Amino acid sequence: MTDAAAPLYDQTARLFARKRLIAFGLPALVLIYLTYVFFSFGVPGLLERARWDNGRTLVSDAFSYKTHVTRDNRSGKVVVAIEGERKGTYPAGRSPDWVTTDGTATRIDLGHGQTAIFLPGKKVILELPDFGKIEAQYANRRVETSLGAKLPDWVSLSKSRLSIELEGARLTLTRNKTEVFRYFPGWELFFFTLNSPYYGHGPLEIFFGPRIDPTRSNIIGAWHDFWNNAMWRHSDVAWALFETVLMAFLGTFGAAIVALPFAFIAAKNFSPLIALRFTARRLFDFLRGVDGLIWTILLSRAFGPGPLTGSLAILFTDTGTFGKMFSEALENVDDKQIEGVRSTGANAAQSYRFGVIPQIMPVLLSQVLYYLESNTRSATIIGAITGGGIGLLLTQAMITQKDWEEVTYYIVLIVLMVMAMDTFSGWLRNKLINGGGGRR
Amino acid sequence: MTQTPAISIHEDYLALVRRRRLYGGILLVVFVALMASGFNLADARNAGSFRNGFTQIFDFPADVIGEASGKLNQLPAHFLRFFPALVETINIAAVSTLIGASGAVVMSLFATRGLALWPRAIPLFRRVMDFTRAMPEIVVALVLIYVLGGGPVPAMIAIAFHTIGALGKLFSEVNENASLKPVEGVRSVGASWVQTMWLGILPQVLPNFLSYTLLRFEINIRASAILGFVGAGGIGYELKNAISWGQGKYDEAAAIFILLFLAIVFFDQMSSVLRNRLTQGGRS
């Protein structure tokens with residue numbers, strides 16, 4: 001009996017040894033690979049090089065904005081502007097209530113009990129609750145302060161420039177200008193810019209209140225000012241979103257239309273000629289292998305930046321993908337149905353229409369609709385490369401490195417757009433495929 | 001009188017067919033109109049028009065091929081020079097697929113009814129996956145490039161982030177079809193949740209998981225090449241340099257085009273062979 005069982009024991013032992021090898025060997029291989037990549041990507045150096053201060057500005061800018069109060073030290077003029085941009089400048093005499101002018105002095109309440117006073121003669125006085133008073137002045141071609149030699153770490157001072165970090169604010173003094181920023185939470189001027197009469201009015205007032213601008217009705221005027229908001233450019237953003245969706249739509253369905261006839265040529269059971277089949281298949285492989293990136297580059301050389309280039313890039317790549325998928329679907333078609341249709345005396349076109357199309361349509365549609373969602377994302381990326389749609393706006397806002405609230409806005413819109421397309425394509429798929437019968 | 005029901009059924013059927021055809025026709029007309037007007041609109045909003053561009057479509061490839069064929073002897077040297085960049089692109093894709101797939105396995109187990117450790121949190125995990133799936137890689141990559149500086153790591157994180165959501169959804173669909181009997185069996189002997197998943201579920205779903213992961217790897221290679229183009233290292237970055245240099249470096253651009261094309265085709269074929277083996281191995 002032991003003799004008979006011996007080979008079995010051996011076999012089992014070998015099996016276990018192999019399993020153990022796999023169980024320990026595979027994770028070990030992965031670990032070795034990850035270690036190699038860790039060093040080849042230069043991760044240790046990366047953590048030193050990383051600009052965490054950039055990260056901090058990015059995050060704080062994403063949900064807050066700063067208002068600049070700037071005194072031109074040559075003319076003595078004080079300007080209050082949101083984000084320091086001209087589009088966000090407060091008209092003279094309409095400064096926010098935390099900035100008060102008293103003769104030649106400007107008093108700025110910086111919150112947390114902090115106050116800054118701009119005085120003529122390039123002078124500034126800061127009153128801080130737990131530190132006391134700081135006086136600074138640009139005189140004798142240098143910045144002089146009352147702080148003495150030992151500076152706190154939130155003050156940086158050079159010969160030509162003083163910069164003080166405060167709580168939720170910052171002050172800088174140079175020869176040309178004295179400036180403070182004060183941070184506030186939120187996205188300012190999202191609805192109306194300061195030059196719009198509707199700025200500072202709530203929705204209730206706009207919808208039901210008396211006319212704010214006597215020349216036009218509230219709703220029309222408010223919509224106009226919102227839509228043409230110079231700071232947030234809502235109409236441009238809406239167009240960009242539309243362009244991105246358009247690229248995805250044209251690219252996906254265009255590719256499906258082009259791919260269908262070629263798929264018949266590439267399918268074993270519909271195409272008698274091997275040479276033709278081979279050519280069609282290599283064409284699909286080529287279109288897919290060249291990849292969206294290279295198509296985008298090639299096409300943008302011919303057509304320039306814009307939605308057409310993006311659409312065609314998606315169309316070219318996906319013709320390859322769809323061609324392969326469709327021809328596989330066609331090869332799995334059941335011949336009995338075609339035979340049945342043909343037995344009633346149908347010609348070739350009719351037997352395709354009633355024998356083949358009903359069989360493959362659900363498969364094809366579901367694949368195409370699945371790609372519609374994924375291509376919305378691709379269209380964003382292609383737009384960033386070739387210049388069109390929301391991808392372009394995103395990269396433009398990133399390049400300025402300060403409009404992070406706009407970047408956040410675009411990211412939110414992109415995510416919502418992709419989710420909406422996902423929901424829409426899922427709904428349509430359900431409707432078209434299950435809608436005929438079954439689920440009701 | 002007795003024949004009326006039959007006739008009316010026949011009539012009804014014909015009316016139904018006619019109405020269906022009408023709807024189908026209307027749908028087709030609307031679709032064609034949408035496509036045509038869409039292309040017109042895209043054409044109008046494009047910098048160059050289709051009609052003018054169409055004749056120039058082969059200009060750039062002709063330039064590239066012309067210059068590359070003039071310097072054909074330098075091509076092997078270029079291949080060698082850009083090969084490390086290609087390896088980096090593939091490494092980005094491989095690591096992000098690895099990380100993303102591991103994350104997706106965990107997320108999908110947490111998001112499947114009947115398997116989840118905390119059933120109350122299923123919608124939460126699903127929303128998280130929806131969110132990571134909806135985020136285009138370029139968005140995460142650009143933000144991370146600003147903080148971490150250019151290089152492969154931002155691309156890797158960005159692709160992994162998207163992969164978690166994309167694979168997580170597919171994985172949880174696979175999980176839903178898994179048989180619960182092994183789970184009951186393993187649970188009945190007092191296994192913890194991790195053990196139940198490890199021994200009861202994973203052996204069932206692993207072939208499908210692997211097959212989807214391979215497909216994702218192929219997609220991620222393309223994504224990683226594209227992200228290189230916006231500054232995340234790898235072959236895309238080299239391509240951008242070669243192209244923006246313009247005439248004079250087109251031989252390099254041609255070498256990169258060829259490398260990228262061959263790599264994509266190679267991994268495409270490899271993954272499709274492996275996937276076929278996986279699905280057929282599971283069946284036999």
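The values are calculated or read from the model by the stated rules, or taken from the named source; none is laboratory data. What you are looking at is a predicted structure, and each value in this text was computed from that prediction instead of being measured. Don't worry about glycine lacking a Cβ; one is built from the backbone with ideal geometry, like all the others, and counts go over all protein chains shown.
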(request) Kindly check whether there is at least one residue in the stretch B:269-276 that is under 22 Å from A:Ile381 (Cβ atoms), surrounded by 19 or more Cβ atoms within 10 Å (Cβ to Cβ) and either modelled with pLDDT of 85 or more or assigned by TED's automatic domain parsing to the domain that holds B:Val174 (or both). (result) yes
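Assess whether A:Gln396 counts as being out of contact with any Phe, Trp or Tyr (no Cβ under 9 Å at 6 or more places or on another chain) and surrounded by fewer than 20 Cβ atoms within 10 Å (Cβ to Cβ). Give the steps one after another, and end with the answer.
Details: out of contact with any Phe, Trp or Tyr (no Cβ under 9 Å at 6 or more places or on another chain): yes; surrounded by fewer than 20 Cβ atoms within 10 Å (Cβ to Cβ): yes.
Considered against the rule, which asks whether it is out of contact with any Phe, Trp or Tyr (no Cβ under 9 Å at 6 or more places or on another chain) and surrounded by fewer than 20 Cβ atoms within 10 Å (Cβ to Cβ), A:Gln396 comes out as yes.
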(request) From the list B:Ala68, B:Ala85, pick out the single residue that is touching a residue at least 24 places away in the same chain (Cβ under 8 Å), away from chain A (no Cβ under 14 Å) and closer than 30 Å to A:Gly306 by Cβ. (result) B:Ala68
(request) Return a yes/no flag: does the stretch B:76-90 have any residue that is in contact with a helix residue (DSSP H, G or I) (Cβ under 8 Å, 6 or more places away or on another chain) and farther than 30 Å from B:Phe217 by Cα. (result) no
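Name every residue in the stretch A:35-61 that is among the aliphatic types (A, V, I, L, M) and either more than 7 Å from chain B (Cβ to nearest Cβ) or within 25 Å of the chain's Cα centre (by Cα) (or both), in order of residue number. Steps first, answer last, please.
Taking the stretch A:35-61 first, the residues among the aliphatic types (A, V, I, L, M) are A:37, A:43, A:46-47, A:50, A:58-59.
The answer is A:Leu46, A:Leu47, A:Ala50, A:Leu58, A:Val59.
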(request) Could you run through the stretch A:8-34 and say how many residues are within 14 Å of chain B (Cβ to nearest Cβ) and not aliphatic (A, V, I, L, M)? (result) 3
(message) I need the full set of residues from the stretch A:125-142 which are in contact with a Leu (Cβ under 7 Å, 6 or more places away or on another chain) and within 16 Å of A:Glu165 (Cβ to Cβ), in order please.
(response) A:Leu126, A:Ile134, A:Ala136
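Suppose the filter is in contact with a Pro (Cβ under 8 Å, 6 or more places away or on another chain), on the phi > 0 side of the Ramachandran plot and away from chain B (no Cβ under 14 Å); does A:Gly84 pass it?
no
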(request) Spot the failing condition for A:His68; the list is (1) closer than 30 Å to A:Trp187 by Cα; (2) assigned to a loop (DSSP other than H, G, I, E, B); (3) not hydrophobic (A, V, I, L, M, F, W, C), and only one is missed. (result) (2)
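Yes/no per residue for (1) within 27 Å of A:Gln367 (Cα to Cα); (2) touching a residue at least 40 places away in the same chain (Cβ under 8 Å); (3) in the same structural domain as A:Val368 (by TED's automatic domain parsing):
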| position | (1), (2), (3) |
| --- | --- |
| A:Tyr198 | no, no, no |
| A:Glu205 | no, no, no |
| A:Val258 | yes, yes, yes |
| A:Trp295 | yes, no, yes |
| A:Pro305 | no, yes, yes |
(message) Just the residues that are crowded, with 18+ Cβ neighbours inside 10 Å and part of a helix (DSSP H, G or I), please, taken from the stretch A:71-91.
(response) A:Gly88
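For the stretch A:92-124, name all the residues that are among the polar types (S, T, N, Q), surrounded by 16 or more Cβ atoms within 10 Å (Cβ to Cβ) and assigned to a loop (DSSP other than H, G, I, E, B).
So in the stretch A:92-124, the residues among the polar types (S, T, N, Q) come out as A:95, A:100-101, A:104, A:106, A:114-115.
Imposing the further condition that a residue be surrounded by 16 or more Cβ atoms within 10 Å (Cβ to Cβ) reduces the set to A:95, A:106, A:114-115.
Matches in the stretch A:92-124: A:Ser95, A:Gln114.
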(request) Can you run down the residue pairs with Cβ atoms below 9 Å, 6 or more apart or on separate chains, where the first is in the stretch A:328-356 and exposed (fewer than 13 other Cβ atoms within 10 Å of the Cβ) and the partner is of a type in the set (D, E, K, R)? (result) A:Ala348/A:Arg342
(request) Test A:Thr386 against the stated conditions and say whether it is within 12 Å of chain B (Cβ to nearest Cβ) and either over 30 Å from A:His234 (Cβ atoms) or in contact with a Leu (Cβ under 9 Å, 6 or more places away or on another chain) (or both). (result) yes
(message) Given (1) in contact (Cβ under 8 Å) with a residue 40 or more places away in the chain; (2) more than 8 Å from every other protein chain (Cβ to nearest Cβ); (3) within 30 Å of A:Thr35 (Cβ to Cβ), identify the lone condition not met by B:Val95.
(response) (2)
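Residues are listed down the side, and each one gets a yes or a no for (1) of a type in the set (A, V, I, L, M, F, W, C); (2) under 18 Å from A:Lys66 (Cβ atoms):
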residue	(1), (2)
A:Ile82	yes, yes
A:Glu85	no, yes
A:Tyr90	no, yes
A:Gly93	no, no
A:Thr100	no, no
A:Ile108	yes, yes
A:Ile117	yes, no
A:Pro120	no, no
A:Gly132	no, no
